[in-house]
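Heads up: the structure comes next, in C-alpha coordinates.
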Amino acid sequence: MNKDMSAEEIDILDRFERGNLRSAPDVDREVELALAAARNTFNKTKRVNLRVTERDFRLAKARAREEGIAYQTLLSSVIHKYLSGRLTEKR
(Lines give C-alpha, C1' and ligand atoms only; values in the text may rest on other atoms or scores of the structure.)
Protein backbone atom coordinates (compact mmCIF):
# COMPACT_ATOMS: atom_id res chain seq x y z
CA MET A 1 0.00 0.00 0.00
CA ASN A 2 1.14 3.51 -0.78
CA LYS A 3 2.19 5.43 2.34
CA ASP A 4 0.97 8.66 0.69
CA MET A 5 -2.64 7.46 0.60
CA SER A 6 -5.25 9.12 2.78
CA ALA A 7 -7.41 7.12 5.19
CA GLU A 8 -10.31 7.47 2.76
CA GLU A 9 -8.23 6.15 -0.14
CA ILE A 10 -7.04 3.20 1.94
CA ASP A 11 -10.65 2.42 2.88
CA ILE A 12 -11.75 2.53 -0.77
CA LEU A 13 -8.88 0.29 -1.85
CA ASP A 14 -9.65 -2.16 0.95
CA ARG A 15 -13.33 -2.31 -0.03
CA PHE A 16 -12.37 -2.77 -3.69
CA GLU A 17 -9.98 -5.62 -2.91
CA ARG A 18 -12.67 -7.37 -0.82
CA GLY A 19 -15.20 -6.97 -3.64
CA ASN A 20 -17.52 -4.75 -1.60
CA LEU A 21 -17.93 -1.96 -4.18
CA ARG A 22 -20.77 -1.67 -6.69
CA SER A 23 -21.05 0.43 -9.85
CA ALA A 24 -23.24 3.51 -9.77
CA PRO A 25 -26.77 2.83 -11.10
CA ASP A 26 -26.11 4.96 -14.21
CA VAL A 27 -22.34 4.48 -14.47
CA ASP A 28 -22.12 5.59 -18.12
CA ARG A 29 -23.68 8.97 -17.28
CA GLU A 30 -21.45 9.37 -14.22
CA VAL A 31 -18.33 8.66 -16.31
CA GLU A 32 -19.45 11.13 -18.99
CA LEU A 33 -20.05 13.85 -16.37
CA ALA A 34 -16.63 13.23 -14.83
CA LEU A 35 -14.94 13.35 -18.24
CA ALA A 36 -16.72 16.62 -19.12
CA ALA A 37 -15.66 18.16 -15.80
CA ALA A 38 -12.06 17.05 -16.35
CA ARG A 39 -12.01 18.50 -19.88
CA ASN A 40 -13.33 21.85 -18.62
CA THR A 41 -11.09 22.09 -15.56
CA PHE A 42 -8.25 23.90 -17.30
CA ASN A 43 -10.17 25.15 -20.31
CA LYS A 44 -8.49 28.42 -21.28
CA THR A 45 -11.16 30.42 -23.02
CA LYS A 46 -10.51 34.04 -22.07
CA ARG A 47 -7.45 36.20 -22.43
CA VAL A 48 -6.83 38.85 -19.75
CA ASN A 49 -4.45 41.78 -19.73
CA LEU A 50 -3.33 42.57 -16.22
CA ARG A 51 -1.15 45.38 -14.98
CA VAL A 52 1.03 44.68 -11.94
CA THR A 53 3.91 46.52 -10.37
CA GLU A 54 7.40 45.73 -11.59
CA ARG A 55 8.21 44.31 -8.16
CA ASP A 56 5.20 41.94 -8.16
CA PHE A 57 6.04 40.87 -11.71
CA ARG A 58 9.63 40.00 -10.73
CA LEU A 59 8.41 38.15 -7.63
CA ALA A 60 5.87 36.18 -9.68
CA LYS A 61 8.52 35.19 -12.23
CA ALA A 62 10.95 34.17 -9.48
CA ARG A 63 8.34 32.10 -7.63
CA ALA A 64 7.25 30.45 -10.88
CA ARG A 65 10.88 29.55 -11.63
CA GLU A 66 11.14 27.96 -8.16
CA GLU A 67 7.97 25.95 -8.85
CA GLY A 68 9.15 25.00 -12.35
CA ILE A 69 6.14 26.54 -14.09
CA ALA A 70 5.45 29.52 -16.34
CA TYR A 71 4.63 32.74 -14.51
CA GLN A 72 1.32 32.97 -16.41
CA THR A 73 0.38 29.56 -15.01
CA LEU A 74 1.29 30.67 -11.50
CA LEU A 75 -0.79 33.86 -11.75
CA SER A 76 -3.74 31.95 -13.20
CA SER A 77 -3.49 29.41 -10.37
CA VAL A 78 -3.42 32.14 -7.71
CA ILE A 79 -6.50 33.80 -9.20
CA HIS A 80 -8.34 30.48 -9.45
CA LYS A 81 -7.50 29.48 -5.88
CA TYR A 82 -8.57 32.87 -4.54
CA LEU A 83 -11.87 32.85 -6.41
CA SER A 84 -12.66 29.27 -5.36
CA GLY A 85 -11.91 30.07 -1.71
CA ARG A 86 -8.82 27.88 -1.44
CA LEU A 87 -6.40 30.77 -1.07
CA THR A 88 -6.67 32.46 2.29
CA GLU A 89 -4.91 35.35 3.93
CA LYS A 90 -2.11 34.46 6.34
CA ARG A 91 -2.71 35.92 9.79
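The values are calculated or read from the model by the stated rules, or taken from the named source; none is laboratory data. Not measured: the values here are computed from a predicted model. Positions of Cβ are generated from backbone atoms using ideal geometry, with glycine treated the same way; all protein chains shown enter the neighbour counts. What goes into the accessible areas is simple: the full protein's heavy atoms, side chains included, and nothing from ligands, DNA or RNA. Shrake-Rupley method; radii C 1.70, N 1.55, O 1.52, S 1.80 Å.
Values for this structure:
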read-out: Additional length obtainable on full extension of the chain from Ala36 to Arg91, 0.36 nm per residue less Cα span; value: 16.1 nm
read-out: Over the chain: Kirkwood hydrodynamic radius from C-alpha pairwise inverse distances, Å; value: 17.5
read-out: For the chain: lysine pairs under 20 Å (alpha-carbon distance), excluding those fewer than 8 apart on one chain; value: 4
read-out: Of all accessible heavy-atom area on the chain, the percent that carbon and sulfur account for (1.4 Å); value: 51
read-out: Sparse-neighbourhood loop sites, GluC sites (Glu not before Pro) in the chain - DSSP loop, at most 14 other Cβ within 10 angstrom; value: Glu89
read-out: Placed amide H near Ile69: partners under 5 Å, 5+ positions off or other chain; value: none
read-out: Solvent exposure of the chain as accessible area per residue, Å², 1.4 Å probe; value: 101
